[in-house]
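Visitor: I have a structure here, written as structure tokens, and I will follow up with some questions on it.
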Amino acid sequence: MAPVKSPPDRRSVHLPSGIRAQQRAAKATSKPATKSASTTPSVSLRQVGKTYPDGSQALIDVSLELRKGDFLFITGPSGAGKSTLLKLLYGQEKFDSGSLTVGGFNLANLRGNQLALLRRRIGIIFQDYKLIPRRTVAENVAFVLWAQGYNRKEISRRLPPTLKMVGLQHKADCFPSQLSGGEQQRVSIARAVVGMPPLLLADEPTGNLDADNSRQVIRILKKLNSIGITVIVTTHDEHLVRTSNFPVVQLRDGRLYQVRS
Ligand SMILES: Nc1ncnc2c1ncn2[C@@H]1O[C@H](COP(=O)(O)OP(=O)(O)OP(=O)(O)O)[C@@H](O)[C@H]1O
Ligand SMILES: [Mg+2]
């Protein structure tokens, strides 16, 4: 799916050096010699079906293809299958039919080390943030790097620019309970991208936020997309979708429909 880019945001978002390196790499790969790399699907679903053990048919014959650097909104009513689709992409749920690949990983029967490797390449943002309450902002973000085996020095190098990117460097030592909802969501974005994943999945990231905070979150996601990160966002917020010109698909009763390409 060819991404249709929004007009550039006027307010700038600071990018950490690691992300800037990725940006340089993304620019480099836009040259013709490496064009084939950007035509490799980043996410590919072919006639995917998912029925939960209790018989709920969450996804029916879903086909979807995204290329590196695409940005896609997935809309649809409650219960339509949006979260289920994202869960299939990071291997949280298994599908029953069709085929699914993400970043070259075939999701059929993916487990153990391979599943862990795939998950390192995906950043995930949830509506309810899922921060660790007894850990500070810095610790919540650092935890991802620590779990991936980074040493203390590398963690201290990566943290400040990532917190700066989401405008929270001054809140590094606060606990989640001391933050507003918008700030907590920005911590969860920092946590999702600090490991530089090529794919970012956001499940209703603005679901608990007011209009201003929603716009801020979407602006950060667009900025991350502009440096080559593939971004998929599920949302109920028709206004957010209308005010951007990224591609949109809709899920209704488990079936996927193209809204805007
Ligand atoms: N763990 C589960 N066990 C059984 N059924 C489930 C499970 N998770 C989701 N479902 C069912 O699958 C369907 C799709 O659910 P899903 O959570 O993907 O919808 P959604 O579009 O994300 O909804 P919402 O907008 O409310 O978050 C629903 O009918 C739901 O009841
Ligand atoms: Mg959901």
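The values are calculated or read from the model by the stated rules, or taken from the named source; none is laboratory data. Given the structure is predicted, the values throughout are model-derived calculations rather than measurements. Backbone-built Cβ (ideal geometry, glycine too); neighbour counts: all protein chains shown.
Visitor: Check every one of the helices (runs of 4 or more DSSP H) wholly within segment 59-148 and list those with 3 or more residues that are touching a Leu at 6+ places or on another chain (Cβ under 8 Å) and either modelled with pLDDT of 95 or more or farther than 17 Å from Leu200 by Cα (or both).
Guide: Working: elements: 82-89, 112-120, 137-147.
Of the helices (runs of 4 or more DSSP H) lying wholly inside segment 59-148, those with at least 3 residues that are touching a Leu at 6+ places or on another chain (Cβ under 8 Å) and either modelled with pLDDT of 95 or more or farther than 17 Å from Leu200 by Cα (or both) span 82-89, 137-147.
Visitor: Sticking with this structure for a sec: Just the residues that are part of a helix (DSSP H, G or I) and within 16 Å of ligand 2 (Cβ to nearest atom), please, taken from segment 181-211. Break it down stepwise before answering.
Guide: Residues of segment 181-211 that are part of a helix (DSSP H, G or I), as a first pass: 181-193, 211.
Matches in segment 181-211: Gln185, Ser188.
Visitor: Of (1) in contact (Cβ under 8 Å) with a residue 24 or more places away in the chain; (2) away from ligand 2 (no atom under 16 Å from the Cβ); (3) farther than 15 Å from Val43 by Cα, Ile229 satisfies all except one. Which?
Guide: Every condition holds for Ile229 apart from (3).
Visitor: Right, another one. Inside segment 237-259, can you point out the residues that are surrounded by fewer than 16 Cβ atoms within 10 Å (Cβ to Cβ) and not aromatic (Phe, Trp, Tyr)?
Guide: So in segment 237-259, the residues surrounded by fewer than 16 Cβ atoms within 10 Å (Cβ to Cβ) come out as 238-239, 242-243, 245, 252-253, 255, 257-259.
The answer is Glu238, His239, Arg242, Thr243, Asn245, Arg252, Asp253, Arg255, Gln258, Val259.
Visitor: Sticking with this one: Of all residues in segment 37-82, which are surrounded by fewer than 18 Cβ atoms within 10 Å (Cβ to Cβ), within 16 Å of ligand 2 (Cβ to nearest atom) and either under 22 Å from Val248 (Cβ atoms) or within 14 Å of the chain's Cα centre (by Cα) (or both)?
Guide: Pro77, Ser78, Gly79
Visitor: Would you confirm whether or not segment 101-116 contains a residue that is farther than 26 Å from Gly228 by Cα, surrounded by 14 or more Cβ atoms within 10 Å (Cβ to Cβ) and of a type in the set (Gly, Ala, Ser)?
Guide: No: zero hits.
Visitor: Given the conditions (1) over 18 Å from Ile124 (Cβ atoms); (2) part of a helix (DSSP H, G or I), and given that Asn245 satisfies all but one, which numbered condition is not satisfied?
Guide: It fails just one condition, (2).
Visitor: With the condition kept exactly as written, say whether any residue in segment 212-219 is in a loop (DSSP other than H, G, I, E, B) and either more than 26 Å from Ala80 (Cβ to Cβ) or in contact with a Lys or Arg (Cβ under 9 Å, 6 or more places away or on another chain) (or both).
Guide: Our first condition is that a residue be in a loop (DSSP other than H, G, I, E, B); within segment 212-219, this holds for none.
Scanning segment 212-219, I find no residue that is in a loop (DSSP other than H, G, I, E, B) and either more than 26 Å from Ala80 (Cβ to Cβ) or in contact with a Lys or Arg (Cβ under 9 Å, 6 or more places away or on another chain) (or both), so the answer is no.
Visitor: Which residues, counting only those in segment 37-49, are assigned to a strand (DSSP E or B) and free of Cβ contacts under 8 Å to residues at least 60 places away in the same chain?
Guide: Residues of segment 37-49 assigned to a strand (DSSP E or B): 41-49.
Hits for segment 37-49 are Ser44, Leu45, Arg46, Gln47, Val48, Gly49.
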